[in-house]
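Asker: Below you'll find the structure I mean.
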Amino acid sequence: MMMTPFYIVLGIGAVMITAILIVLILAATKPNQFRVERTIDIAAPAEKIFPFFEDLRQQRFWSPWDQKDPNMKRTYSGAERGVGAAYEWDGNKEIGAGRQEITSVSPYSKIEANIDFYRPMQVSNHIEYILRPSRIGTNVTWAIYGPMPFMSKVMSVFMSFDKMVGNEFEKGLLQLKSLAER
């Protein structure tokens, strides 16, 4: 028995609707918040590492994103360093555009900042840089966390945000380690 085009289209439509429903159900099971963090031990005291976080102008030397677009526009405002220091960027499609502002400083141990992305999508998150004494010098953690909107949950069905962002954090921390251990 030969299937008519109507039944073929109906079957394809049913498969597509089922696939979409599965993706939506999987997305609905994802958490409402996310956190990505990476940690590294650096053979240097916290006093030597801390300025790389507290002065946003220093990010261009170790942040992997600051190095991906040599023509990126950078604007600094507010305090020169510490609470109130702000950094805006506008780069290529890989970098996008956004703003980061330091909101809290605990000298030589922790810095917190808000980070707002304007492009390629609008989202607001939080960053932490945490420094703790370690056996060889300083244990440094770089973290980003925030809400997980439903569209982000859908995207996370197909790709790992932790792996994508975490790999960049690892690159940045290795570059920071190289600078701090000089």
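The values are calculated or read from the model by the stated rules, or taken from the named source; none is laboratory data. Quantities reported herein were computed from a predicted structural model and do not represent experimental measurements. For neighbour counting, all protein chains shown are included, and Cβ atoms are generated from backbone atoms with ideal geometry for every residue, glycine included. All accessible areas refer to the heavy atoms of the entire protein, side chains included, with ligands and DNA or RNA removed. Shrake-Rupley method; radii C 1.70, N 1.55, O 1.52, S 1.80 Å.
Asker: I'm checking my understanding of the structure. Among residues of the stretch 135-168 that are surrounded by 16 or more Cβ atoms within 10 Å (Cβ to Cβ) and within 21 Å of E47 (Cα to Cα), which one is nearest to the chain's Cα centre (by Cα)?
Answerer: Ranking the qualifying residues of the stretch 135-168, first place goes to A143.
Asker: If you go through the stretch 1-60, how many residues are under 29 Å from K163 (Cβ atoms), open to solvent by less than 80 Å² (accessible area, probe 1.4 Å) and among the hydroxyl-bearing types (S, T, Y)?
Answerer: Total satisfying the criteria: 2.
Asker: Further question on the same structure: Can you pull out the residues in the stretch 139-182 that are among the charged types (D, E, K, R) and within 21 Å of E128 (Cβ to Cβ)? Quick ask: steps written out before the conclusion?
Answerer: Residues of the stretch 139-182 that are among the charged types (D, E, K, R), as a first pass: 153, 162-163, 168, 170-171, 177, 181-182.
Passing the criteria: D162, K163, E168, E170, K171, K177.
Asker: Of (1) open to solvent by 10 Å² or more (accessible area, probe 1.4 Å); (2) part of a strand (DSSP E or B); (3) touching a residue at least 60 places away in the same chain (Cβ under 8 Å); (4) in contact with a Gly (Cβ under 9 Å, 6 or more places away or on another chain), E101 satisfies all except one. Which?
Answerer: Exception for E101: condition (3).
Asker: Given the structure, is D116 on the phi < 0 side of the Ramachandran plot, touching a Ser or Thr at 6+ places or on another chain (Cβ under 6 Å) and modelled with pLDDT of 95 or more?
Answerer: On the way: on the phi < 0 side of the Ramachandran plot: yes; touching a Ser or Thr at 6+ places or on another chain (Cβ under 6 Å): yes; modelled with pLDDT of 95 or more: yes.
Yes, satisfied.
Asker: Could you tell me whether the stretch 59-79 includes any residue that is part of a helix (DSSP H, G or I), at pLDDT below 95 and of a type in the set (S, T, N, Q)?
Answerer: Filtering the stretch 59-79 down to residues part of a helix (DSSP H, G or I) leaves 59-61.
Okay, now just the ones that are also at pLDDT below 95, so 59-61.
Those left that are additionally of a type in the set (S, T, N, Q): 59.
Yes, the stretch 59-79 contains a residue that is part of a helix (DSSP H, G or I), at pLDDT below 95 and of a type in the set (S, T, N, Q).
Asker: Which pairs do you get when a residue that is closer than 14 Å to E168 by Cα, found in the stretch 35-46, comes within reach of a residue that is assigned to a helix (DSSP H, G or I) and at pLDDT below 95, reach meaning Cβ atoms under 8 angstrom, with the pair 6+ apart or on two chains?
Answerer: From the stretch 35-46, the pairs are V36/F161; V36/D162; V36/V165; V36/G166; E37/G166; R38/G166.
Asker: Can you give me the number of residues within the stretch 86-116 that are over 19 Å from F53 (Cα atoms) and not acidic (D, E)?
Answerer: Step one: of the stretch 86-116, the residues over 19 Å from F53 (Cα atoms) are 90-97.
Among the residues that remain, those that are also not acidic (D, E) are: 91-93, 95-97.
Qualifying residue count for the region: 6.
Asker: Further question on the same structure: Looking at Y118, Y108, which is the one that is open to solvent by 60 Å² or more (accessible area, probe 1.4 Å) and within 20 Å of V165 (Cβ to Cβ)?
Answerer: Details: Y108 fails: within 20 Å of V165 (Cβ to Cβ).
Of the residues listed, the single one that is open to solvent by 60 Å² or more (accessible area, probe 1.4 Å) and within 20 Å of V165 (Cβ to Cβ) is Y118.
Asker: Looking at (1) open to solvent by less than 20 Å² (accessible area, probe 1.4 Å); (2) hydroxyl-bearing (S, T, Y); (3) touching a strand residue (DSSP E or B) at 6+ places or on another chain (Cβ under 7 Å), which is the one condition that is false for S63?
Answerer: Condition not satisfied by S63: (3).
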